[in-house]
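What follows is a set of notes on a single structure, which appears directly below.
The values are calculated or read from the model by the stated rules, or taken from the named source; none is laboratory data. Since this is a predicted model, take the numbers as computed values, not measurements. Here Cβ is always computed from backbone atoms with ideal geometry, including for glycine, and neighbour counts include all displayed protein chains.
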Amino acid sequence: MQANVGRETTPERKVRSYLHCAGFRFRKDLRPIAGLRCTADLVFRRAKVCILVDGCFWHGCPSHFKTPKANSPWWHEKIEANRARDRRNDASLAAAGWQVFRLWEHDVKDDMLARLAEQLRRAMRCVLGDDQRADGSSPTNRQRRTPQRGPYGER
């Protein structure tokens, strides 16, 4: 199990790419809460929103997971422990004011990503207000960051 890397999976990259092209700016592979054993795939800190892309095998997808035949009691216990940890993490994040979006790796398709982007926009509008952009910055902050030009275009 040491060779199984939990980051940079194809579904995660697809979600990140789609949301980045849609104008969202986020942190990746970050713990939303310092002491919690939960690393979210995408984190929008200011809006307190995180996205987790769960693998069908490791998180026990009801549609696709089948317990391996070799050492099946151990695998059953392992996957159930993962599911319980996911539920605890969701509850801890919700108690701290975070909104959690969980996706199964088999659900990462363009139509679902479009729905996710719309849900994110709605969630961020509720938290940040209507004058905020998808990346969490307001138009006034963006204007202050642009360099000032003189009457003849010099800086």
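At-a-glance table
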| read-out | value |
| --- | --- |
| Every residue from segment 87-119 that is in contact with a Leu (Cβ under 8 Å, 6 or more places away or on another chain) and of a type in the set (D, E, K, R) | 102 |
| Condition check for residue 80: assigned to a helix (DSSP H, G or I), over 26 Å from residue 13 (Cα atoms) and of a type in the set (Asp, Glu) | yes |
| Residue within segment 104-111 that is surrounded by 12 or more Cβ atoms within 10 Å (Cβ to Cβ), in a helix (DSSP H, G or I), touching a strand residue (DSSP E or B) at 6+ places or on another chain (Cβ under 9 Å) and modelled with pLDDT of 95 or more present | no |
| Top-ranked residue of segment 1-32 - restricted to ones that are β-branched (Val, Ile, Thr) and surrounded by fewer than 15 Cβ atoms within 10 Å (Cβ to Cβ), ranked as modelled with the lowest pLDDT | 5 |
| For residue 66: the one exception among (1) surrounded by fewer than 17 Cβ atoms within 10 Å (Cβ to Cβ); (2) of a type in the set (D, E, K, R); (3) in contact (Cβ under 8 Å) with a residue 60 or more places away in the chain | (3) |
| Residue selected from segment 86-100 under the condition in contact with a Lys or Arg (Cβ under 9 Å, 6 or more places away or on another chain) and farther than 23 Å from residue 56 by Cα, by the criterion surrounded by the most Cβ atoms within 10 Å (Cβ to Cβ) | 98 |
| Qualifying residue in segment 54-67 (condition: closer than 29 Å to residue 124 by Cα and of a type in the set (D, E, K, R)) | yes |
| Test: residue 13 is more than 25 Å from residue 110 (Cβ to Cβ), part of a helix (DSSP H, G or I), charged (D, E, K, R) and without any contact (Cβ under 8 Å) to a residue 12 or more places away in the chain | no |
| Residue that is surrounded by 11 or more Cβ atoms within 10 Å (Cβ to Cβ) and farther than 25 Å from residue 45 by Cα, where the choices are 76, 59 | 76 |
| Close pairs from segment 95-118: first closer than 13 Å to residue 49 by Cβ, partner outside any strand (DSSP E or B) and among the small types (Gly, Ala, Ser), Cβ under 6 Å, at least 6 apart | 99/123; 117/22 |
| Hey, residue 51 touching a residue at least 40 places away in the same chain (Cβ under 8 Å), assigned to a loop (DSSP other than H, G, I, E, B) and within 21 Å of residue 120 (Cβ to Cβ) or not | no |
| Residue in segment 33-48 that is surrounded by the most Cβ atoms within 10 Å (Cβ to Cβ), counting only those that are in contact with a Phe, Trp or Tyr (Cβ under 7 Å, 6 or more places away or on another chain) and assigned to a strand (DSSP E or B) | 44 |
